[in-house]
Amino acid sequence: MVTGGAGFIGMNLVRELCAANSHVTVMDDFSAAPRTNLSGLPVDIVERSVMEESSFAKLPDIDHVFHLASPSSVILYGKEPQKCFSTTTISMINVLRYAKTNGVKKIVYPSSGSVYGRASPPQKETTIPRPTNLYAVAKLACEQMIEGTEDPPPTTMLRIFAGYGPGEAHKGQIASPVGLFLRSIASDEPPIIYGDGTQSRDFIYIGDVVKIMMRAAESPAVGIVNAGSGESHTFNQVVEMLNRRLGKKVTPRYINRPINYLERTHADTSLMTKTFGVTPLSLEEGVDKYCSSIELAT
Ligand SMILES: NC(=O)c1ccc[n+]([C@@H]2O[C@H](COP(=O)([O-])OP(=O)(O)OC[C@H]3O[C@@H](n4cnc5c(N)ncnc54)[C@H](O)[C@@H]3O)[C@@H](O)[C@H]2O)c1
């Protein structure tokens, strides 16, 4: 079962699971992504909220749960903090209870690289988290709920860094910086950058996120594992790369950056590579694939 299966990570994951002949159930209330993201995929859809424990009452036999459904950005948390925090944490309680009662073999939970917050990069799983916003606090709370459950179901918690790639269009202004800049540059609009563009992020291509999640589901490994590319690129470098790839010369518009804004994220990916044997794409390779997918679609 994939909760939040219509979302950016969800739809990419569901597509690969179906291609691997898995029988997939999607639980999604379609509050943040359209049902059409699942068009043509042979899945069973449970249109319910993960907030309600009753949503989990009449499911078919489920071996693996990918629990993706939740508000996925700091911006959403800023607008509706109570709703976002409770959706994230209460749904985690519901999934844990369901998994324990029904003998689920594995839960894969997308935590976030943002739990590291102010901690100095490169960020390793043993680095003490220093979250700077409620989104990251909620993600960390979910990790701790899993670890603090007596006899928890086998769970891999993936601290995913900044995912980007095809399938994030429905996210609008909360899409990844790569997606936002791509959309602007492709239409000759200046991409908007908070600050001077020297802030850097560990960007991971969606295909790699999906690969890591699928390997995590089959792996006996439990606990926290980073999911990043192991590289950190500045926003200015991303704009440069996109301009080069698209044959454009669009310059960004720089505006004041918000407080609590992170300077640099950079995952130590040694545990990820050792545990799941995934070698992630470089940003240049990922950007090329992303641009090609958009060129093909137009
Ligand atoms: N995108 C990233 O780079 C990234 C990085 C780290 C962690 N994550 C986590 O991965 C998960 C998925 O992120 P995404 O980028 O695909 O987000 P998304 O917003 O595209 O998808 C979220 C999905 O969850 C559904 N949903 C939301 N609330 C729900 C509810 N109460 N009941 C049922 N369904 C509900 C939405 O309709 C949507 O389909 C989130 O938990 C997010 O925090 C994402």
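Since every read-out is calculated from the coordinates, none of them should be taken as a lab result. This is a predicted model, so every value here is computed, not measured. In this analysis, Cβ positions are derived from the backbone assuming ideal geometry, glycine residues included, and neighbour counts consider all displayed protein chains.
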A correct Karplus calculation of ³J(HN,Hα) over the range 252-264, with 6.51 cos²θ - 1.76 cosθ + 1.60, θ = phi - 60°, whole Hz and x for Gly and Pro, returns x, 10, 9, 10, 4, 8, x, 5, 6, 8, 7, 7, 8
Treating every alpha carbon of the chain as one equal point scatterer without solvent, the Debye formula yields log10 I(q)/I(0) values at q = 0.10, 0.14, 0.16 Å⁻¹ of -0.52, -1.05, -1.40
Given the candidates GLY230, TYR261, VAL287, the one whose Cα lies deepest towards the positive end of the charge dipole of the range 198-298, counting +1 at each Lys or Arg C-beta and -1 at each Asp or Glu C-beta, is TYR261
All alpha-carbon distances of the range 43-139, grouped into 10 Å bins from 0, give the whole-percent distribution 14, 40, 31, 14, 1
Any lysines whose Cα falls less than 27 Å from that of LYS211, other than same-chain ones fewer than 8 residues away, would be LYS100, LYS105, LYS106, LYS124, LYS139, LYS171, LYS274, LYS289
Using alpha carbon centers only, the range 235-256 is separated from the range 33-47 by a whole-angstrom value of 34 Å
Long-range alpha-carbon pairs in the range 9-67, meaning those over 15 Å apart, account in percent for 48 percent
The simple spin-label model distance between ILE128 and ASP288, using points 7 Å out along Cα→Cβ, in nm, is 4.3 nm
Spelling it out for ILE160: with amide H atoms placed in the peptide plane at 1.01 Å from N, the residues 5 or more places away or on another chain with amide H under 5 Å from its amide H are SER111, SER112, GLY113, ALA227
Here the net charge surrounding THR275, from other residues whose Cβ is less than 11 Å away from its Cβ (Lys, Arg +1; Asp, Glu -1), is +1
Most exposed first, judged by fewest Cβ atoms within 10 angstrom, MET51, MET214 run MET51, MET214
Taking the chain and counting helices only, DSSP H stretches of n ≥ 4 at -39,500 (n - 2.57) each over all residues, the nearest-500 ellipticity at 222 nm comes to -12000 deg cm²/dmol
Chymotrypsin sites (Phe, Trp or Tyr not before Pro) in the range 158-193 lying in a DSSP loop, each with at most 16 other Cβ atoms within 10 Å of its Cβ, come to none
The answer for GluC sites (Glu not before Pro) in the range 5-77 that fall in a DSSP coil and have at most 12 neighbouring Cβ atoms within 10 Å is GLU47
Proxy exposure order for ARG15, ARG245, ARG159 (fewest C-beta within 10 Å first) is ARG245, ARG15, ARG159
Across all Cα atoms of the range 148-210, Rg and the largest Cα-Cα distance (Dmax), in Å, are 16.0, 54
Applied in sequence order to the range 203-214, the curve 6.51 cos²θ - 1.76 cosθ + 1.60 (Karplus, θ = phi - 60°) yields integer Hz couplings, x standing for Gly and Pro, of 9, 10, 5, 4, x, 6, 4, 5, 4, 5, 5, 5
Note: SER31 to LYS83 extended length (0.36 nm per residue) minus current alpha-carbon separation gives 17.5 nm
The range 177-208 scanned against label point 7 Å out from THR273 along Cα→C-beta; backbone N under 18 Å for 202-205, 208
Here FRET efficiency (C-beta to C-beta, THR251 to THR101, R₀ 41 Å, nearest 0.05) is 0.15
From the Cα centre of the range 88-122 to that of the range 155-172, the distance in Å is 15 Å
Computed on Cα atoms, Rg of the range 222-298 relative to 2.2 N^0.38 Å comes out at 1.38
